[in-house]
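Values quoted throughout were computed directly from the atomic coordinates according to the rules given, and no laboratory measurement underlies them. Given the structure is predicted, the values throughout are model-derived calculations rather than measurements. Cβ placement follows ideal geometry from the backbone for every residue including glycine, while neighbour counts extend to all protein chains displayed.
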Amino acid sequence: MENSVIKVGGMSCQGCVKNITGVLTAIAGVAAAEVSLEAGEARVTFDPQTVARPALVAAIEDAGFDAE
């Protein structure tokens, strides 16, 4: 498993946090996702053999948020 911190922009409430958490945890290979509104980031634990970090960033952007 690998851990990665992804900066997330555009979150304004806990609904945004739940949305991003749901998007990330629905991806095959993601073991855990902790999204922080205050820190503006998502900490993701994932299997790099199953999913790559750019796919996680793309999923957040597809949900309507900025990610890097």
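Tabulated data
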{"item": "Test: residue in segment 18-36 that is assigned to a loop (DSSP other than H, G, I, E, B) and of a type in the set (S, T, N, Q)", "result": "no"}
{"item": "Residue that is farthest from the chain's Cα centre (by Cα) [pool: residues in segment 6-43 that are within 12 Å of A59 (Cα to Cα) and touching a residue at least 40 places away in the same chain (Cβ under 8 Å)]", "result": "N19"}
